[in-house]
Amino acid sequence: MRHVSTMSLTSSIGLMAIFAVDLIDILFISLLGIDELAASAGYASTLMFFASAINIGLSIAAAALVSRAIGAHEEDEARRYATSVAVFTFAVGLAVPVIMLANANYLLGLVGAEGEVAAKAKSYLMIILPTTMFSGMAMVTVAVLRAYGDARPAMYPSLLGAV
């Protein structure tokens with residue numbers, strides 16, 4: 001039971017750190033007192049959620065594949081899965097921001113942003129969206145380390161990804 005508690009606690013600390021960055025970012029932007037900036041950060045965060053969801057899905061795939069291989073005592077296969085998912089995450093981490101930024105006006109329109117708010121949200125996305133690749137790599141690293149049962153070292157990549 002202690003192992004389950006340790007794994008859960010370290011995982012939740014890492015995930016909270018990643019999402020706390022978004023919360024703190026929006027909080028500080030709202031403290032500027034410019035409603036359009038706060039609204040644009042909110043709209044951009046909605047789109048960022050989808051990029052984060054893709055990264056979470058990739059980390060789940062990494063955990064499932066690597067842990068299954070470890071359970072079958074196939075260490076080489078586990079390493080291949082970990083490497084394959086990391087490479088795929090890197091490629092997706094490059095493709096998703098490019099696709100989303102190319103279609104930013106349309107996507108922001110879908111969530112209700114328009115006018116100056118949409119323009120500021122697009123500017124915000126141009127700054128923050130390319131960093132999702134690093135977040136995705138951190139999440140996959142965490143998943144692989146968790147598959148090996150390393151709770152504390154698994155927390156560090158997510159904390160680094162949050163930074």
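To the nearest ten degrees, helix 35-71 and the longest principal axis of the Cα atoms of the chain are 10 degrees apart.
Given the -39500 (n - 2.57) contribution per DSSP H run of 4+ residues, what per-residue ellipticity at 222 nm results for the chain, rounded to the nearest 500 deg cm²/dmol?
Theoretical 222 nm ellipticity from helices: -30500 deg cm²/dmol.
Rounded to the nearest 20, the size of the Cβ-charge dipole of region 8-163 about its Cα centre is 240 debye, with Lys and Arg at +1 and Asp and Glu at -1.
I need the shape label for region 1-138. Rule: rounded when a/c is under 1.5, else prolate if a/b > b/c, else oblate, with a, b, c from the alpha carbon gyration tensor. Judged from the Cα gyration tensor, region 1-138 comes out oblate (a/c at least 1.5, b/c at or above a/b). Think of region 1-129 as having a plus end and a minus end, set by charges on the Cβ of Lys, Arg, Asp and Glu; of Gly42, Val21, Ala69, Ala69 sits farthest toward the positive end of this dipole. Summary value for the chain: 38 percent relative contact order, contacts being C-alpha pairs under 8 angstrom separated by 6+ residues. Helix 75-102: angle to the longest alpha-carbon principal axis of the chain, degrees 0 to 90, nearest 10? It works out to around 10 degrees.
Helix 115-128 sits at what angle to the longest principal axis of the chain, using alpha carbons and giving 0 to 90 degrees rounded to 10? Rounded to the nearest ten degrees, it is 30.
Values quoted throughout were computed directly from the atomic coordinates according to the rules given, and no laboratory measurement underlies them. Here the structure is a predicted model, which is why all the values come from computation and not from measurement. A quick note on method: Cβ atoms are made from the backbone with ideal geometry, for glycine too, and the neighbour counts reach across all protein chains shown.
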